[in-house]
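Step one of this worksheet: look at the structure below.
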Amino acid sequence: MTGRRGVQAIPMNTLDPLGGALWVRAGEPRPHNLRSTRPDWVDRATRGRPARALPDTLGRLFALCSRAHAVCAGLALQAAQQGRAEVTPALRGQLAAQTVRDHAQQIWLDWPGRLLPPTDAAAFQARAAVVLGTCPAFGPAAAPGALADWLQTHALGLPPAAWLSRWDEDPPGWLRHWSDNAPGELPRLLRHCRAVAETAAPGLPALQVHASDAALQALAGEIQAQGARFARQPLWRGWCAETGVWTRLHDAAGQRLHSAWLRLGARLAEAVRLALPDEPGRCGADWLALGALPLADGSAIAWVEMARGLLLHHLQLDGSGADARVAACHVIAPTEWNFHPDGAVARAVEALPRQPDAEAWRGFDALVAAYAPCVPLQHAPSSLLVEVAHA
Amino acid sequence: MCLAIPMQVMQIDGLSARCTAKGVERRVSLWLLQHETLAVGDMVLAHLGQAVQKISHEQAREAWALFDEMLAADAQSRAAP
């Protein structure tokens, strides 16, 4: 989190309007303690354009999660045009590869800065730089099992299948045992942050709208009725919900992971799952749910479980076949749910003291690490939030 | 959302690079691109201080064409009475 040691001047340059930021104001009540200045570029980038270009356009626009967006947009397009969408092994493989890469980036690059004191974080990151240089997730297509071997050597200290079996049996007990006893930087990091991360325990309904066609149809109805406003501040059945690696459709136990610390563990567990051979509903590319539902009149809603949670694309076409154009496209990313002004993180911001001490910030940082926003989080002066609230 | 900015590498110092785009200079980490061969003049996608992908000049031009169009439309809508 930037600006913690004082109110930071608002940075502005040519690039800043593109990405935006999340601004928090510690100890202030919802819904004015967490504001997003992220622009919604999807409508401008897609409306009226040829529908066949949609996967490529959204992949280019959201280049960080390019494959996940391209897969989701491709499924939405298929469903809207053909009345069905085929989830192929290739699509599953692309989504899994992107997701495990994002997990590795979060764990080795984002976690140290949020979960360790600055000197320890710098030392961890220096070693992470060397370790990531050998990570098969970032290179060209790796041999089967290469990532599992890498995880065993550089993260787990034991065979990934054995680590995952213990996690599946008892997530809190195993994470505690492993982080207390295993050698290496990663267990030490989790051991170090456990006390503060265990006390941060948000609790909102898990977003599993993709569990049923009826729920997806209801959500699509809300999107159609409210458009971009809904996409920026989505609600499920009228309520805020949260999404992350602990809300996967295939993970019945995930929703019992109520602390930030266990949710950090869930991210590591999912990296392990994705590195192991396919086992439906448990490991490999079959672990992540994805699909699309055709709706009436050339529209569809598609979903993919990505590194930060559930990604949804809602598409409405104008015309048919090769000449079809995008009448409307809405993207609802995981960050919109988790960083909703009344959502899980806003509740944690509200619970902070107005002048948080280092311990309070560390607990909050652990929570932010668990939710992993894809834009910078900034400490806001009160005047900015008032300004943004009225913008 | 997960917007990454195409930037041009101006200087490389080990696993760090000085990059520019639209007159803005940023220092980005190259930790995630250690499997790539990078040289001054190459284009990368940068996100929150990390270079996350090496891209071609053509891909960078296409991405900036899209961003420029959106920024221009945004500026126009803000300027409208």
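To keep it simple, each residue is scored yes or no on (1) modelled with pLDDT under 95; (2) open to solvent by less than 20 Å² (accessible area, probe 1.4 Å); (3) farther than 19 Å from residue A:307 by Cβ.
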position: A:200; (1), (2), (3): yes, yes, yes
position: A:215; (1), (2), (3): no, yes, yes
position: A:218; (1), (2), (3): no, no, yes
position: A:228; (1), (2), (3): yes, no, yes
position: A:234; (1), (2), (3): no, yes, no
position: A:248; (1), (2), (3): no, yes, no
position: A:251; (1), (2), (3): yes, no, no
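Just to check your reading of the model, which residue among B:66, B:32, B:48 is more than 25 Å from residue A:44 (Cβ to Cβ) and of a type outside the set (Val, Ile, Thr)?
B:32
Given the range B:18-75, what strands (runs of 3 or more DSSP E) lie entirely inside it while holding 2 or more residues that are under 11 Å from the mean Cα position of the chain (by Cα) and facing chain A (nearest Cβ under 7 Å)?
B:43-47, B:50-55
From the list A:175, A:147, A:151, which one is crowded, with 20+ Cβ neighbours inside 10 Å, in a helix (DSSP H, G or I) and touching a Gly at 6+ places or on another chain (Cβ under 7 Å)?
Only one candidate qualifies: A:175.
Within the range A:380-388, can one find any residue that is in contact (Cβ under 8 Å) with a residue 40 or more places away in the chain and either buried (at least 22 other Cβ atoms within 10 Å of the Cβ) or under 20 Å from residue A:49 (Cβ atoms) (or both)?
yes
Taking the conditions exactly as written (crowded, with 18+ Cβ neighbours inside 10 Å, at pLDDT 90 or above and not acidic (Asp, Glu)), does residue A:22 satisfy them or not?
Against the criterion (crowded, with 18+ Cβ neighbours inside 10 Å, at pLDDT 90 or above and not acidic (Asp, Glu)), residue A:22 does not qualify.
Quick one: count up the residues across the range A:191-227 that are touching a residue at least 60 places away in the same chain (Cβ under 8 Å) and of a type in the set (D, E, K, R).
Of the residues in that region, 3 qualify.
For the range A:307-327, which positions are of a type in the set (D, E, K, R) and farther than 14 Å from residue A:55 by Cα?
A:308, A:318, A:323
From A:230, A:138, grab the single residue that is within 14 Å of another protein chain (Cβ to nearest Cβ) and in contact (Cβ under 8 Å) with a residue 12 or more places away in the chain.
Criteria check complete, one pass: A:138.
Being β-branched (Val, Ile, Thr) and either within 8 Å of the chain's Cα centre (by Cα) or closer than 22 Å to residue A:106 by Cα (or both) is the filter here, so list the residues in the range A:297-311 that pass it.
If the condition is that a residue be β-branched (Val, Ile, Thr) and either within 8 Å of the chain's Cα centre (by Cα) or closer than 22 Å to residue A:106 by Cα (or both), then A:304 is the only one that fits.
Can you go through A:76, A:96 and tell me which one is assigned to a helix (DSSP H, G or I), touching a His at 6+ places or on another chain (Cβ under 9 Å) and away from chain B (no Cβ under 13 Å)?
Only one candidate qualifies: A:76.
From A:31, A:50, which residue is open to solvent by 10 Å² or more (accessible area, probe 1.4 Å) and either aromatic (Phe, Trp, Tyr) or in contact with a strand residue (DSSP E or B) (Cβ under 8 Å, 6 or more places away or on another chain) (or both)?
A:50
Which residue out of B:73, B:79, B:4, B:39 is of a type in the set (A, V, I, L, M) and within 19 Å of residue A:106 (Cβ to Cβ)?
Being of a type in the set (A, V, I, L, M) and within 19 Å of residue A:106 (Cβ to Cβ) holds for just one of B:73, B:79, B:4, B:39, which is B:4.
When you go through A:320, A:299 one by one, which is the residue that is open to solvent by less than 10 Å² (accessible area, probe 1.4 Å), of a type in the set (S, T, N, Q) and at negative phi?
Of the residues listed, the single one that is open to solvent by less than 10 Å² (accessible area, probe 1.4 Å), of a type in the set (S, T, N, Q) and at negative phi is A:299.
So which residues in the range A:29-51 are in a helix (DSSP H, G or I) and modelled with pLDDT under 95?
Matches in the range A:29-51: A:42, A:43, A:44, A:45, A:46.
Here's a check for you: in the range B:6-15, which residue that is more than 25 Å from residue A:59 (Cα to Cα) and in contact with a strand residue (DSSP E or B) (Cβ under 6 Å, 6 or more places away or on another chain) is farthest from the other protein chains (Cβ to nearest Cβ)?
B:11
Output the residues belonging to the range A:101-135 that are in contact (Cβ under 8 Å) with a residue 40 or more places away in the chain, among the small types (Gly, Ala, Ser) and surrounded by fewer than 22 Cβ atoms within 10 Å (Cβ to Cβ).
Residues satisfying the conditions do not exist here.
Of the residues that make up the range A:255-278, is at least one farther than 22 Å from residue A:371 by Cα and open to solvent by 70 Å² or more (accessible area, probe 1.4 Å)?
yes
How do the pairs read when you match residues in the range A:43-67 that are within 11 Å of chain B (Cβ to nearest Cβ) with residues anywhere that are of a type in the set (D, E, K, R) and in a helix (DSSP H, G or I), using Cβ under 8 Å and keeping only pairs 6 or more apart or on different chains?
A:44/B:69; A:44/B:74; A:45/B:69; A:59/A:67; A:60/B:62; A:65/A:102; A:66/A:60
The values are calculated or read from the model by the stated rules, or taken from the named source; none is laboratory data. These numbers come from a predicted model, not from an experiment. Neighbour counts run over all protein chains shown; Cβ positions are idealised from the backbone, glycine included. Quick note on the areas: whole protein, heavy atoms, side chains included, nothing else; ligands and nucleic acids left out. Shrake-Rupley method; radii C 1.70, N 1.55, O 1.52, S 1.80 Å.
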